[in-house]
Amino acid sequence: MLEIKNLVVQIEDNRILNGLNLTVNDGEVAAIMGPNGSGKSTLSYVIAGKEDYEVLDGEILLDGHNVLEMAADERAAAGIFLAFQYPLEIPGVGTMTFLKACLNAQRKARGESEISTPDFIRKVNAAADKLEINKEMLKRALNVGFSGGEKKRMEILQMALLEPKFCVLDETDSGLDIDALRIVSEGVNALRAQGRSFLVITHYQRLLNYIVPDTVHVMSKGQIVKTGGKELALELEASGYAEYRTSEAA
């Protein structure tokens, strides 16, 4: 379970999160929606451990342990995964080399032995087939020359390999056409499990047609201001964010 208590965050003296409280239970898919500037992406970065943000108050507890006391790599080893809105291209770093290094780094942090090359290749190929990832993509530098949909599929492939406990999807639907959205969503849905939770951040209800949430939270001015079931997303789609609009920047 992830529990956020009274989280207050700023960057360059600009307050972004203002006493945010949020609980995501084991096996739950929680969606966060809200207008631009409400702090959604900031929340995802702070959970993952991005260094630019100053935490003034609060806790982020993963199974009772305060992850704010951990470095980003320690949070990843503890089971936190962030799928970026705009995945980075890394020229010169082969995709398979990157995937194996990530997997073995986490295994080492947990006191496990490195995965053998044959087992790693079988694991990658099985996950890639489910996500309709062309094997040629795996031979290229990470995300270099990939389309938006290919980059997002690569993020979900990483998630499938690392098997995290808590997955944050930061506007995963951004830049995806209908086919890519379906494939990525099916990859996410295949990973839904009692011991794995998701925090899905999105502006639009359409993603939640594919990844159906258990809970929907509305975020505004750095706080959760309303919580409901999946029907809340439909209400927001119909009425918009006018009553939650803020000019603050995330």
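I want the local charge near Asn6. Using Cβ-Cβ distances under 10 Å, sum +1 for each Lys or Arg and -1 for each Asp or Glu among the other residues. So the environment of Asn6 carries a net charge of -1.
Between the beta carbons of Arg110 and Glu51, assuming R0 = 25 Å, the FRET efficiency works out to 0.60 to the nearest 0.05.
Look at the dipole of the chain built from charges on Cβ: of Tyr53, Tyr210, Asn25, the Cα furthest out on the positive end belongs to Tyr210. As a calculated quantity, the FRET efficiency between Lys123 and Ser147 at R0 = 30 Å, using C-beta atoms, amounts to about 0.80.
Students often get this wrong, so check it: of Lys130/Lys230; Lys50/Lys135; Lys5/Lys50; Lys130/Lys151; Lys100/Lys135; Lys165/Lys230, which have C-alpha atoms separated by over 25 Å?
Over 25 Å apart, Cα to Cα: Lys130/Lys230; Lys50/Lys135.
Here r is the Cβ-Cβ distance between Asn134 and Thr227 and R0 is 45 Å; the resulting FRET efficiency, rounded to 0.05, is 0.65. Subtracting the Cα-Cα distance of Tyr210 and Val93 from 0.36 nm times their residue separation leaves 38.9 nm of extension gain. How many percent of all Cα-Cα pairs in the range 1-56 sit more than 14 Å apart? Percentage above 14 Å: 56.
Dividing the helix sum by the residues of the chain, where each DSSP H run of 4 or more adds -39500 (n - 2.57), gives a mean residue ellipticity at 222 nm of -10500 deg cm²/dmol.
Give the shape of the range 60-202 as rounded, prolate or oblate, defined through the alpha-carbon gyration tensor: a ≥ b ≥ c are the square roots of its eigenvalues, a/c under 1.5 means rounded, and otherwise the shape is prolate if a/b is larger than b/c and oblate if not.
Cα axes put the range 60-202 in the oblate bin.
Restricting to the chain, compute how many DSSP beta bridges are antiparallel as a %, nearest 5. Within the chain, antiparallel bridges account for around 60 percent of the total.
The peptide list 33-39, 126-132, put in order of mean Cβ contacts within 10 Å with the highest first, becomes 33-39, 126-132. Residue-wise HN-Hα couplings along the range 161-177, as the Karplus relation 6.51 cos²θ - 1.76 cosθ + 1.60 with θ = phi - 60° gives them from phi, are 6, 7, 6, x, 8, 10, 10, 10, 10, 8, 6, 4, 7, 4, x, 9, 7 Hz; Gly and Pro carry x. What Kirkwood hydrodynamic radius, in Å, does the range 160-250 give when the mean of 1/r is taken over all pairs of distinct Cα atoms and then inverted? It is 14.4 Å.
Determine the relative contact order of the chain: mean sequence separation of Cα pairs under 8 Å and six or more apart, normalised by residue count, in whole percent.
32 percent
For the range 86-133, rounded, prolate or oblate, judged on the Cα gyration tensor with a ≥ b ≥ c (square roots of eigenvalues), a/c < 1.5 rounded, else prolate if a/b > b/c? Since a/c reaches 1.5 but b/c is at least a/b, the shape of the range 86-133 is classed as oblate.
The candidate values were (1) 123; (2) 146; (3) 133; the one computed from these coordinates for volume of the Cα convex hull per residue in Å³ carries the label (1).
Every read-out reported here was derived from the displayed coordinates using simple, explicitly stated rules and does not represent laboratory data. Computed from a predicted structure; not experimentally measured. Here the Cβ is made from the backbone with ideal geometry for all residues, glycine too, and neighbour counts use every protein chain on show.
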